[in-house]
């Protein structure tokens, strides 16, 4: 039993470490740490020793992160290419492609499955000693599968939340774009201004478009990439309208104003649709929670009267 607890502790520690590694931005963090170390060595005036420079990195950068990546790369050898492509696509839609790659996500799935399975096994062993071994195996295997796919479920939720936030922010962002363009700014400068003023998923997407344009991409390619990384029909319509306005020479401010009005109407329609779904969604909690409580409150006095009359009658 002690060995099992030690194994569980090791698995949980590895899972926590993988999550912490996964939510970081490896490229930005590595470059920042490298620049800081180089600046420190240059200020000290001592010759730069590569081994000393390498050992100056944190333990997670030198040991934990490479091990996690190697584990993910090992699992990738036995994973169908379509699955890897699907994971990479979902990471892009969730806005996590710069924080986690498919290999690290696969490693996180395996660690999550093992952790869920071990916890379920211990729970069954500690709470029910008379449970047959076959049932323990079935329950443990089922929870292990659930744990394996739990990161996928969380990733899907992140995609949905990101798309909802972008859809909600688009009308106001297009209004600000319209004001900036009417004030004399170009479209790229207007997008940069929106990215500076706001802190949202949409402003981050605009900032990425500006960075890609500065790195040499054409505006059309950068906008198409933003459309693909978001996966919303509203964004597809917006990008198509912007590109067509450039090709046909239509006023950019007029196109943006029309797009903002359409996005606002679309947002209102979605809100009305969600409001119409509310009564149906309320049936389950009402049937399971509210109605039984009302029945208990109403029927208990009557039942007590009936029991009292039968006893003393």
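Given the structure, is residue 264 buried (at least 17 other Cβ atoms within 10 Å of the Cβ) and closer than 25 Å to residue 210 by Cβ? So residue 264 fails the test. Among the residues of this structure, residue 142 counts as one that is surrounded by fewer than 16 Cβ atoms within 10 Å (Cβ to Cβ) and either modelled with pLDDT of 85 or more or touching a strand residue (DSSP E or B) at 6+ places or on another chain (Cβ under 9 Å) (or both). Search the stretch 176-190 for residues being in a helix (DSSP H, G or I) and farther than 14 Å from residue 203 by Cβ, and hand back the single one that is farthest from the chain's Cα centre (by Cα). The extreme case among them is 182. A count restricted to the stretch 83-94 and to residues that are under 20 Å from residue 164 (Cα atoms) and surrounded by fewer than 20 Cβ atoms within 10 Å (Cβ to Cβ) stands at 3.
Inclusion of residue 267 among residues that are touching a residue at least 60 places away in the same chain (Cβ under 8 Å) and more than 29 Å from the chain's Cα centre (by Cα) is not warranted. Might you let me know whether the stretch 304-312 holds any residue that is surrounded by 10 or more Cβ atoms within 10 Å (Cβ to Cβ), modelled with pLDDT of 85 or more and either assigned by TED's automatic domain parsing to the domain that holds residue 181 or assigned to a helix (DSSP H, G or I) (or both)? No: the stretch 304-312 contains no residue that is surrounded by 10 or more Cβ atoms within 10 Å (Cβ to Cβ), modelled with pLDDT of 85 or more and either assigned by TED's automatic domain parsing to the domain that holds residue 181 or assigned to a helix (DSSP H, G or I) (or both).
The values are calculated or read from the model by the stated rules, or taken from the named source; none is laboratory data. All figures in this text were calculated on a predicted structure; none of them were measured in a lab. Please note: Cβ atoms are built from the backbone with ideal geometry, for glycine as well, and neighbour counts cover all protein chains shown.
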